[in-house]
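The values are calculated or read from the model by the stated rules, or taken from the named source; none is laboratory data. What you see is a predicted model, and the numbers here were worked out from it, not measured in a lab. Counting neighbours? That spans all protein chains shown, and the Cβs are built from the backbone with ideal geometry, glycine included. Heavy atoms of the whole protein, side chains included, go into the accessibility calculation; ligands, DNA and RNA do not. Shrake-Rupley method; radii C 1.70, N 1.55, O 1.52, S 1.80 Å.
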Amino acid sequence: MTKRNTQQRRHLILTQVNELGEVAVDILAEQFQTSEVTIRKDLTALEKSGLLLRRYGGAIALPQEIVSDDIDSKRKVAIAKAAAALIKDHNRIIIDSGRTTAAMIPELGNKRGLVVMTNAIKVANRLLALENEPTLLMTGGTWDPHSESFQGQVAENVLRSYDFDQLFIGADGIDVERGTTTFNELVGLSQVMAESAREVIVLVESEKIGRRIPNLELPWQQVTTLITDSNLALDTRQAIEACGVQLICAEL
């Protein structure tokens, strides 16, 4: 297979993903008369380029809000500032992987004596760049390229040996009736994080609220606070608050 044919195949795969919303490895392998290993390499390459999201057995199209980076960045910063305002000096916190949670880091520069656990290398590197030098803890574990974070039993066991004041975690979607949802099928670590913290604070843009992604990550019973932007509809606000969750809508 020449490089040109590989590029053509990947272009056709991406076209199908965007048109259908989802593709399967076995069907693509049959369609292009190639191996499933080759198709998986194609999907991995497309995901690394930020063009789709891998899932078990195939891939799905990028959610629209991931494409709109400029708008997202303003919302992420507003949400991150509201989240950082909840952190007191000397708090022991967990910061999960994700772009919204990572946006919190610059807001922590004036906090003293923080102890921060994370499973994300990007978060760790940003923390190390802060002048106030918070105490950094890493979960370790098995590297998951989809979430760009450490997952698995080792990470879970490390978390269980500590006690934290707050967990800051994102979500791919919010099911108003059930709780937070995710594209990632690895949800065990998120649940252990929630069990290890007295407060669970979810950071998510309003566009993700109401999207019912199949994988339930944290039920409302485990969530203390949801921070989103001010574009959230009134009826949705009331429905979330009725689940016993504190709702903070950050002004853009």
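As an equivalent ellipsoid, the chain spans semi-axes of 33, 21, 17 angstrom, where each value is the square root of five times an eigenvalue of the C-alpha gyration tensor, largest first.
Within the shell defined by Cβ-Cβ distances under 11 Å, the residues around Ala45 carry a net charge of +4, with Lys and Arg each +1 and Asp and Glu each -1. The antiparallel fraction among DSSP beta bridges confined to the chain stands at about 40%. If the segment from Gln238 to Ala85 were pulled out straight at 0.36 nm per residue, it would be longer than the present Cα-Cα gap by 52.8 nm.
Rank these residues by their accessible area, most exposed first, probe 1.4 Å: His146, His11. Display every interim value, and only then the final one.
Numbers: His146 95, His11 120 Å².
The ordering from most to least exposed comes out as His11, His146.
The string of couplings for region 151-157 from the Karplus curve (6.51, -1.76, 1.60, θ = phi - 60°) is 9, x, 5, 4, 4, 5, 5 Hz, one whole number per residue in order, with x for Gly and Pro.
The spread of Cα positions in region 157-252, taken along each principal axis and listed from longest to shortest, comes to 40, 27, 24 Å. Extending 7 Å from the Cα toward the beta-carbon at both Gln246 and Ser161 defines two label points whose distance is 3.1 nm.
Over the alpha-carbon set of region 97-242, divide Rg by the Kirkwood Rh and report the Rg/Rh ratio to two decimals. If you can, show how the numbers build up before the last one.
On the way: Rg = 15.1 Å, Rh = 15.8 Å.
For region 97-242, the value is 0.96.
A crude spin-label estimate for the pair Glu185 and Gln7, with each label 7 Å from Cα along the Cβ direction, gives 3.3 nm.
Between Asn215 and Val176, the simple spin-label model (points 7 angstrom out along Cα→Cβ) gives 2.5 nm.
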